[in-house]
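First the structure, in the form of structure tokens, and then the observations on it.
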Amino acid sequence: MKRIYANEEVCIGCKLCEIWCVVEHSKSKDIIKAFKHELQKPDPKVIVEISKPISFALQCRHCNEPDCVYACISGAMYIDEDGTVQHNADKCVGCCSCIMVCPYGAITIARDENNNVKVVSKCDLCPDSDVPACVAHCPNEALVYVEEVID
């Protein structure tokens, strides 16, 4: 299975991965419309952590043994047939159990237009694209989408 890997040595903390993630998951798929005209833009499913001089993009690792799936009380987190860890927002009750058990901090709270906790948000590897948006738009190629590296 392909996974996204971050190379913090070339990440400059520009957060373009976050921006293009929002665009990819928006209704319009247009950068201007997504940020200026859509009433509720999606939360980025990748988060750039910056602690100068180091910065890197953090997203779901799609673990082989995902604690988030095992902790999910509603069945909203699940392992898809392709091996990726996915989230069904319609089943999510917003209990945040998955957030508490994720060892990478890759799952975040998604809020509605009134800033209420609605569901959680995590990387879905952009299933409608050959390459996830964050990887495709990283100017320094700090994010790569490759087959799993097994040590």
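Points to keep in mind about this one:
- The loop-placed GluC sites (Glu not before Pro) in the range 45-127, going by DSSP, that have at most 15 neighbouring Cβ atoms within 10 Å of their Cβ come out as Glu81, Glu113.
- Two-decimal log10 I(q)/I(0) for the range 64-122, as the Debye equation yields it once each C-alpha is a single scatterer, q = 0.12, 0.13, 0.21, 0.28 Å⁻¹: -0.25, -0.29, -0.74, -1.23
- Nearest-0.05 FRET efficiency for Ser28 and Tyr70, computed from C-beta distance (R0 35 Å): 0.45
- Loop chymotrypsin sites (Phe, Trp or Tyr not before Pro), the range 69-132 (other Cβ atoms within 10 Å of the site Cβ: 13 or fewer; DSSP): Tyr104
- Hull shadow area, averaged, the chain [alpha-carbon convex hull, nm²]: 9.5 nm²
- Between Glu147 and Tyr104, the contour length at 0.36 nm per residue exceeds the alpha carbon distance by 13.5 nm.
- Residues Asn7 and Tyr78, FRET efficiency given R0 of 35 Å [Cβ-Cβ distance, rounded to 0.05]: 0.75
Bear in mind these aren't lab numbers, they're just calculated from the coordinates by the rules spelled out. Treat the numbers as computed from the prediction; the structure is a model and nothing was measured. All Cβ positions, glycine included, derive from the backbone under ideal geometry; neighbour counts span all protein chains shown.
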